[in-house]
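A short worksheet on the structure shown next.
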Amino acid sequence: MGESDLAPWDRGEFERQLRALGERYHSAHPYHVMMNEGRLTPTQLRGWVANRFYYQVNLPLKDAAVLANCSEMAVRRRLVQRMVNQDGAAQGVGGIEAWLKLGEACGLSREEMLSMRDVLPGVRFAVDAYVNFARRAPWQEAMCASLSELFASSIHQQRLANWPRLYPWVKADALEYFRERLHQGPSDVSHALEIALDYFKTRAEQERALGILAFKLDVLWTMADAMYLAYLVNMPPYSVVRKREGQSAT
Ligand code: AHQ
């Protein structure tokens, strides 16, 4: 009997199946484990902030792609709000601005982050795969991919709780992005979850939803893999470990 012949999971079991993928969330990746244990050097932390900036600036493009495919006004309204959360309602506010402030507090310049010159090929390919998926998939499938945020609250809480102690050289008020996301994320992800639980009906469709979420978890994991090879293994040619004047590589 193939998957498509199996009876669909009820709503509760379908949600449980989605949440069970959380064990593959990037909080378990060695890069994030080391970050949370205070074991990253300033260069390795800067590398993470500079590379994640590419993910951050692509979130509004991803949400705009979903919006362009979405026929439902109420959902479009939420997608517009997601974009405003990142782009800001005006110059100088919003998630992307908060990420730039985080980078400056870690010793990166705005120009360096905005230039994207630190972005590793593996990070670029993973993020672009996510945006391109959102462009061509049905909007409900693209919303399903955002369900990786089901597992995000703890990783933001860990950063807020630990960075001031583990990375005291990063000004604590620079962690605004994580605070904002803790506030915005849960309603975003519960909205996306309702859409998924309503849209994927048959067992085959539900299994597809699991595959979509697994793809997004792979996007996040692969980003961390690329950073691990470059900034922890120092593997050429992408160990673009920015040697600052007078500083050692670490
Ligand atoms: O800051 C993050 C964010 O705004 C979002 C939106 C959501 C999406 O649409 O895919 N996913 C997401 C995530 C954010 N931060 C990541 C982190 O580790 O700081 C986690 C990431 C996610 O879980 O997908």
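The values are calculated or read from the model by the stated rules, or taken from the named source; none is laboratory data. Keep in mind the model is a prediction, meaning the values are calculated, not measured. Glycine also receives a Cβ, built like all others from the backbone with ideal geometry; neighbour counts cover every protein chain displayed. Surface areas here come from the heavy atoms of the whole protein model, side chains and all, with no ligands, DNA or RNA. Shrake-Rupley method; radii C 1.70, N 1.55, O 1.52, S 1.80 Å.
Give me the pairs, please: first residue somewhere in the stretch 44-57 and open to solvent by 10 Å² or more (accessible area, probe 1.4 Å), second residue anywhere and in a helix (DSSP H, G or I) and among the hydroxyl-bearing types (Ser, Thr, Tyr), beta-carbon distance under 7 Å, and either six or more positions apart or on two chains.
Close Cβ pairs (under 7 Å, with a partner that is in a helix (DSSP H, G or I) and among the hydroxyl-bearing types (Ser, Thr, Tyr)) amount to GLN44/TYR231.
Please work out which residue is farthest from GLN86 (Cα to Cα), limiting yourself to the stretch 167-212 and to residues that are more than 12 Å from the ligand (Cβ to nearest atom) and of a type in the set (Phe, Trp, Tyr).
Top of the filtered list is PHE200.
Identify the residue in the stretch 81-127 that is in a helix (DSSP H, G or I) and basic (Lys, Arg) and, among all such residues, is surrounded by the fewest Cβ atoms within 10 Å (Cβ to Cβ).
The extreme case among them is ARG110.
Cβ-Cβ distance below 9 Å, separation of 6 or more or different chains: which pairs start in the stretch 144-155 with a residue that is more than 25 Å from GLU205 (Cα to Cα) and end on one that is within 6 Å of the ligand (Cβ to nearest atom) and open to solvent by 10 Å² or more (accessible area, probe 1.4 Å)?
What qualifies is SER153/ARG181.
Of all residues in the stretch 21-43, which are crowded, with 17+ Cβ neighbours inside 10 Å and of a type in the set (A, V, I, L, M, F, W, C)?
Result: LEU21, MET35, LEU40.
One residue is enough: does the stretch 3-20 have a residue meeting the conditions within 16 Å of the ligand (Cβ to nearest atom), surrounded by 14 or more Cβ atoms within 10 Å (Cβ to Cβ), in contact (Cβ under 8 Å) with a residue 24 or more places away in the chain and among the polar types (S, T, N, Q)?
Taking every residue of the stretch 3-20 in turn, none turns out to be within 16 Å of the ligand (Cβ to nearest atom), surrounded by 14 or more Cβ atoms within 10 Å (Cβ to Cβ), in contact (Cβ under 8 Å) with a residue 24 or more places away in the chain and among the polar types (S, T, N, Q).
Of all residues in the stretch 39-80, how many are within 20 Å of ALA145 (Cβ to Cβ), in a loop (DSSP other than H, G, I, E, B) and within 16 Å of the ligand (Cβ to nearest atom)?
The qualifying residues number 1.
Starting from residues that are surrounded by fewer than 14 Cβ atoms within 10 Å (Cβ to Cβ) and of a type outside the set (Lys, Arg), keep the ones in the stretch 189-201 and report whichever is farthest from the chain's Cα centre (by Cα). Full working, then the answer.
Of all residues in the stretch 189-201, those surrounded by fewer than 14 Cβ atoms within 10 Å (Cβ to Cβ) come to 190, 194, 198, 201.
Okay, now just the ones that are also of a type outside the set (Lys, Arg), so 190, 194, 198.
Details: SER190: 16, GLU194: 20, ASP198: 24 Å.
Once the filter is applied, the top-ranked residue is ASP198.
Out of all the residues in the stretch 157-188, which are small (Gly, Ala, Ser) and either in contact (Cβ under 8 Å) with a residue 60 or more places away in the chain or open to solvent by 10 Å² or more (accessible area, probe 1.4 Å) (or both)? Explain how you work it out, then say what you get.
As a first pass, look at the stretch 157-188 and keep what is small (Gly, Ala, Ser): 161, 172, 174, 185, 187.
Once the filter is applied, which keeps residues that are small (Gly, Ala, Ser) and either in contact (Cβ under 8 Å) with a residue 60 or more places away in the chain or open to solvent by 10 Å² or more (accessible area, probe 1.4 Å) (or both), the stretch 157-188 yields ALA161, ALA172, ALA174, SER187.
Looking at (1) among the β-branched types (Val, Ile, Thr); (2) within 10 Å of the ligand (Cβ to nearest atom); (3) part of a loop (DSSP other than H, G, I, E, B), which is the one condition that is false for ILE155?
Failing condition for ILE155: (3).
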